[in-house]
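Some notes on the structure that comes next.
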Amino acid sequence: MSSKLTPDNELDLFFSADLISDQVKAQLYPDVHLRPLASTDYHRGHLAVLSVLTVVSDPGESNWLAQFHSMRAASKTYYPIVIVSKQTDRIVGVGCVFIERKFLRGLGSVGHIEDIAVDKSQQGKKLGLRIIQTLTGISENSGCYKTILNCSDENIPFYEKCGYQKKENEMAKYA
Ligand code: ACO
């Protein structure tokens, strides 16, 4: 298999790749690579994969990049990751954990898993599971006392397979 993958050391990564579990990476199929989001991922189909999840409008590269830098400026808060196909250097899976700091629980923190999506052609190959395992590991290694997420009823079995349990309800008010 010829590889078009851009090595991590040639990328401007959102956070250090050392925070990603080697154990999880070792369980990935050999044709994909899991790493932090990079500043050039606008060109690797980042928004196209997110559109599997919900409505995504293209803000243009400069606005995408401004968002990347403004999120990264919030130190130790956002941890966006991607899975890239080695054959094409295109993104096939995405996810993020957001670390919320609190005044309660002895100034504790909570990890919020957000925006999980796997390209339709790659679903069912455990990429979603590896994304959740990676983000949960980052949350727990950041000292979070719990990691939580919202999902549809259809996705409950997937998250149960990832070790999560249904707890309480979600409330929402859209502007
Ligand atoms: N119903 C039942 N079981 C499921 C489902 C489902 N909808 N989805 C996955 N599973 C099971 C798999 O069969 C597998 O089980 P196994 O270990 O017994 O073989 C296990 O869960 C792991 O599945 P993966 O192969 O890792 O799942 P995949 O890579 O397809 O990713 C995901 C799952 C992320 C839900 C994907 O289907 C997707 O992108 N869906 C559209 C977008 C979406 O709904 N994202 C989640 C939104 S919630 C949030 O962002 C917090």
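The values are calculated or read from the model by the stated rules, or taken from the named source; none is laboratory data. Every value quoted in this text rests on a predicted model; they were computed, and no experiment measured them. Every residue, glycine as well, gets a Cβ built from its backbone with ideal geometry; the counts of neighbours run over all protein chains shown.
Quick notes on this one:
- Helices (runs of 4 or more DSSP H) contained in segment 65-175 and holding at least 3 residues within 14 Å of the chain's Cα centre (by Cα) and under 24 Å from Ser21 (Cβ atoms): 127-141
- When Ile148, Ile91, Ile131, Ile81 are screened for being surrounded by 11 or more Cβ atoms within 10 Å (Cβ to Cβ) and within 9 Å of the ligand (Cβ to nearest atom), only Ile131 passes.
- Exclusive hit being hydrophobic (A, V, I, L, M, F, W, C), in contact with a Cys (Cβ under 9 Å, 6 or more places away or on another chain) and closer than 15 Å to Val82 by Cβ, set Leu28, Leu37, Leu13, Leu53: Leu37
- Checklist (1) under 13 Å from Thr134 (Cβ atoms); (2) part of a helix (DSSP H, G or I) applied to Leu28, failing item: (2)
- Taking residues in segment 146-175 that are over 16 Å from Gly128 (Cα atoms), and partners anywhere that are near the ligand (Cβ under 8 Å from one of its atoms) and at pLDDT 95 or above, the pairs with Cβ atoms closer than 6 Å and at least 6 places apart or on different chains are Glu170/Asn150.
- Test: residue in segment 111-120 that is more than 7 Å from the ligand (Cβ to nearest atom) and loosely packed, with under 14 Cβ neighbours inside 10 Å: yes
- Close pairs from segment 40-52: first closer than 15 Å to Ala117 by Cα, partner part of a helix (DSSP H, G or I), Cβ under 8 Å, at least 6 apart: His46/Trp64; Leu47/Trp64; Val52/Lys120
- Segment 31-57, residues that are assigned to a helix (DSSP H, G or I), aliphatic (A, V, I, L, M) and more than 15 Å from the chain's Cα centre (by Cα): none
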